[in-house]
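Each remark here refers to the structure printed beneath this line.
The values are calculated or read from the model by the stated rules, or taken from the named source; none is laboratory data. No experiment lies behind these values; they were computed from the predicted model shown. Methodologically, a virtual Cβ is constructed for each residue, glycine included, from the backbone with ideal geometry; neighbour enumeration extends over all protein chains shown.
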Amino acid sequence: MAASDELGALTRAFSGFGVDEKALISILGKWHQEQRQTFRKGTRDFFTEDERQFERWDDRHVIQLQHEFLRFKHAIVLWTMHPWERDARLLKEALHKGPQHKVLVEVACTRLSDELLGARKAYHSLFDHSIEEDVAFGIHGPERKLLVALVSSYRYEGTKVNEEIAKSEAKFLSSAIKGAAGNKNLLENEEVVRIVATRSKPHLTSVYNHYKEITGHYLDEDLDGELYLQETVQCLCKPQKYFSKVLDASMGPDVDELKKEAVTRIIVTRADVDMKLIKEEYNHKYGVSLPNKIEDVANGNYRDFLLTLVARGD
Amino acid sequence: MATLIFPEHPSPVADAEALRKACQGWGTDEKTIISILGRRNAIQRKLIRQAYEDMYQEDLIKRLESELSGDFEKALYQWTLDLEERDAVLLNVAIKQVPLPDYRVIVEISCIRSHEELLAIKRAYQIRYKHSVEEDLAQHTTGDIRQLLVGLVSVYRYKGDEINVRLASSEAEILHRVISEKAIFNHEETIRIITTRSKAQVLATLNHYKDDYGTSITKHLKDGSSHEFLFALRTAIRCICDHHKYYEKVVRRALNKPGTDEDSLTRVIITSAEKGLKDIKELFQKRNSMSLEHAVAKDTWGDYKAFLLTLLGKED
C-alpha cells in the first residue's frame with residue numbers, strides 16, 4: 001500500500017464508529033520509527049506541536065479514541081445483559097449522562113408493559129431507589145409530570161379499543177394543539193399528559209389515525225417543536241419511524257459521543273424486536289439500506305457485530 | 001394474623017354439593033352458605049368455585065348473586081371472588097362512583113397492598129375491564145387529586161429499609177413550607193414525596209416533620225379549599241404509616257355512624273379476614289373498651305351479621 005493510502009486508511013481506522021483493528025495491525029504493526037514520525041507530523045488533527053518540539057497526541061482525540069476502542073466492548077456488554085438490567089442502566093444514564101431525558105421517553109414508551117416493569121424492578125436492585133423518585137426528584141422543568149407518568153405506566157396490552165373515546169380524544173388533541181400554538185405549553189395540559197401516559201398503544205394508534213382523518217395532518221408532525229411530546233407520540237405510535245430518525249441523526253458527520261451511543265443502544269435493544277421493520281422504514285425514508293450506512297460509517301469488530309445484529313430476523 | 005377457623009381437610013366437591021343444595025328449592029339456606037364459605041381460605045374458596053363450575057356449569061358467584069340480596073349478598077360476593085378480582089372490582093366501582101369517585105377505597109388499595117398484590121390486581125383489572133386501572137382512574141379524576149391517585153396506583157416503590165436522613169429532613173421542610181404557604185397551595189412537591197419515595201423514607205420524613213414542627217402532618221392538612229385532595233392525602237399518609245390503626249378507625253366510624261356504613265365495614269373485614277384482622281380487633285378493643293364482635297353484633301342484623309361474626313372468628 002502506498003504511504004498516502006496507508007495514512008488515509010489509518011485516519012479512517014481512527015474515525016467513525018469503532019476502530020478498524022485489522023488495518024491498525026497490518027499498517028502500524030510494520031511501521032518503523034520514521035514512518036510513525038511522518039504520521040505524527042502529517043496528521044494535524046490528531047497531534048499538535050508541543051512548545052518543546054515534539055508532536056503530542058491531542059487530548060480530546062485520545063479520549064475520542066478511547067470511546068471508539070470501547071464501542072465494541074460496550075455493545076457486547078449491553079447485548080449480553082438481561083433486558084431488565086439493560087433498560088434500568090439506560091434509564092439511569094438518561095438521568096445523569098447528559099442528561100438525555102429523551103432516552104427516558106424512548107425506553108418507557110417502546111417496551112412492553114411487563115418489560116418496563118422488569119426494568120423498574122432491576123432499577124431497585126441496582127440503584128436502591130425507584131426510577132419514579134429519581135425522575136421526580138431530578139427533573140424540575142414542565143416535563144417532569146409527563147416523564148414520571150411515562151416511567152410509571154403499566155398500559156393495557158390487549159387489542160380492544162373504544163373507537164368513540166379514541167375519536168373524541170383525537171378531537172381534543174387537535175384543539176389543544178391549535179390553542180397552544182407558539183406557546184409550547186402543551187406539557188402543562190394535564191389532559192394531554194393523561195392521554196399519552198395512560199392509554200394503551202392500540203388505543204393511541206387509533207387516536208393517531210382519527211387525528212389524521214379529522215385534521216389532515218399527522219399528530220407527531222403537528223407536535224413538532226413540542227418538548228418530549230413529539231417523541232412520546234412517535235415512540236408509542238410509530239416506533240420504527242422514531243428509531244430510523246434517531247439512527248440517521250446519530251450516524252451523521254461530527255456527531256457528539258452521546259448521540260453516537262444511540263447507534264449501539266438502538267441496534268442492541270431492537271435487534272430481536274422490530275429490526276426488520278426499522279430497516280424497511282430507514283430504507284424508505286433515507287434511500288439507503290441500513291446495513292450499507294453502517295458499513296460506511298463503522299469500522300472493525302464493532303461494525304461486524306452491528307451488521308450481524310441488524311441481519312437477525314432476516 | 002387471620003381470624004378464620006377452617007377444617008383440616010375440606011373437600012371442594014363436597015362443599016360445592018352442599019352449596020348447591022343450599023341454593024335449591026324454596027328459599028336459601030344462608031346458614032350453610034355462611035358456615036362453609038365463611039370458614040374457607042382463599043385457596044379453598046377458589047377450588048370450591050372451580051368444582052362448582054365443573055359440576056354444574058355455572059359460576060357459583062352468579063348463583064349466589066341471584067339467591068341473596070342486600071349487604072349479605074355484597075359481602076359474600078366480595079368474599080368469594082379471587083383476591084385480585086375482588087380488589088379490581090372494588091377499584092372499578094370506586095372509580096365509577098357518581099358524583100365523585102370513592103377516593104378512600106382507591107387510596108387504601110394502592111397504599112396497603114404489597115407490590116405483588118397490587119400488580120396482580122392491576123392485571124386482573126385489565127383482563128376484566130379491558131382497560132388499565134390507571135387510564136380509568138385518570139379519566140374520572142382531574143387536577144391534584146388525579147396526580148395523587150394515579151401516582152399512588154402507578155408507583156413501584158423501592159422496598160429497602162435504608163433511609164437518607166438528610167433527605168428526610170429536607171423533604172419534611174419542603175412539606176412544611178408548602179403547607180404553611182396556604183395561599184399558594186402548590187401540591188406538586190407534596191405529591192412527589194408521597195407518591196415516589198419508599199415507604200421507609202416517607203415514614204422517616206413524616207417523623208422528622210413531627211420532631212421539627214411539633215405535631216403530625218395530618219393535623220396540618222385540614223384547612224384549605226382543596227377539601228377532597230387533603231382528605232385523600234391524609235388517608236394516604238395514614239395508610240402508609242399504620243394501616244391497622246387506619247382500618248380500626250374506618251371500622252369504628254362505620255359502626256358509630258347512625259345507620260352504620262355497611263360498605264366500609266364489609267370492605268375492611270373481608271379484606272383483612274385472612275391478614276391483619278386480629279391486630280385490628282386488638283386495636284379496636286383497646287380504643288373502644290369492647291370487642292369488635294360485640295360492636296358488630298350490636299349494629300348489624302340477620303345473615304349479614306352472622307356472616308361477619310363468622311369471619312371475625314366466633315365459633316357457633
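Looking across segment A:103-114, the residues that are assigned to a helix (DSSP H, G or I) and crowded, with 18+ Cβ neighbours inside 10 Å come down to A:Val103, A:Leu104, A:Val105, A:Glu106, A:Val107, A:Ala108, A:Cys109, A:Thr110, A:Ser113.
Return the residue satisfying two criteria in turn: it lies in segment B:95-116 and is in a helix (DSSP H, G or I) and either basic (Lys, Arg) or at pLDDT below 95 (or both), and of such residues it is surrounded by the most Cβ atoms within 10 Å (Cβ to Cβ). Result: B:Arg104.
From the list B:Ser264, B:Ser291, B:Ser216, which residue is surrounded by 15 or more Cβ atoms within 10 Å (Cβ to Cβ), over 19 Å from the mean Cα position of the chain (by Cα), farther than 30 Å from B:Glu173 by Cβ and not charged (D, E, K, R)? Going through B:Ser264, B:Ser291, B:Ser216 in turn, just one is surrounded by 15 or more Cβ atoms within 10 Å (Cβ to Cβ), over 19 Å from the mean Cα position of the chain (by Cα), farther than 30 Å from B:Glu173 by Cβ and not charged (D, E, K, R): B:Ser291.
If you go through segment A:115-132 and keep only what is in contact (Cβ under 8 Å) with a residue 40 or more places away in the chain and either within 10 Å of another protein chain (Cβ to nearest Cβ) or surrounded by fewer than 18 Cβ atoms within 10 Å (Cβ to Cβ) (or both), you end up with A:Leu126, A:Ile131. Please verify whether A:Tyr242 is surrounded by 15 or more Cβ atoms within 10 Å (Cβ to Cβ), at pLDDT below 95 and more than 29 Å from A:His61 (Cβ to Cβ), treating the condition exactly as stated. No, not satisfied. Within the set B:Arg39, B:Arg86, the sole residue that is in a loop (DSSP other than H, G, I, E, B) and closer than 29 Å to B:Val105 by Cβ turns out to be B:Arg39. Yes or no: B:Glu58 assigned to a loop (DSSP other than H, G, I, E, B) and over 22 Å from B:Thr271 (Cβ atoms)? Taking the combined requirement at face value, the residue satisfies it. At least 2 residues being closer than 21 Å to A:Lys201 by Cβ is the threshold, and among the helices (runs of 4 or more DSSP H) wholly inside segment A:237-314 those reaching it are A:239-250, A:257-270, A:275-286. Restricting attention to segment A:170-207, the residues that are part of a loop (DSSP other than H, G, I, E, B), touching a helix residue (DSSP H, G or I) at 6+ places or on another chain (Cβ under 6 Å) and without any contact (Cβ under 8 Å) to a residue 40 or more places away in the chain add up to 1. Just one of the listed residues (B:Leu47, B:Leu119) is part of a helix (DSSP H, G or I) and within 14 Å of chain A (Cβ to nearest Cβ), namely B:Leu119. Counting only helices (runs of 4 or more DSSP H) that sit completely within segment B:122-204, those holding 2 or more residues that are among the aliphatic types (A, V, I, L, M) and away from chain A (no Cβ under 11 Å) correspond to B:143-154, B:165-180.
Taken over segment A:194-206, residues that are more than 23 Å from the chain's Cα centre (by Cα) and more than 9 Å from every other protein chain (Cβ to nearest Cβ) amount to 2.
The number of residues in segment A:208-233 being charged (D, E, K, R) and in contact (Cβ under 8 Å) with a residue 60 or more places away in the chain comes to 1. Candidates A:Leu223, A:Leu187, A:Leu229: the one that is under 23 Å from the mean Cα position of the chain (by Cα), within 14 Å of another protein chain (Cβ to nearest Cβ) and closer than 26 Å to B:Asp144 by Cα is A:Leu187. Out of curiosity, is A:Gly287 over 18 Å from A:Cys235 (Cβ atoms) and out of contact with any helix residue (DSSP H, G or I) (no Cβ under 6 Å at 6 or more places or on another chain)? Yes: the conditions hold for A:Gly287.
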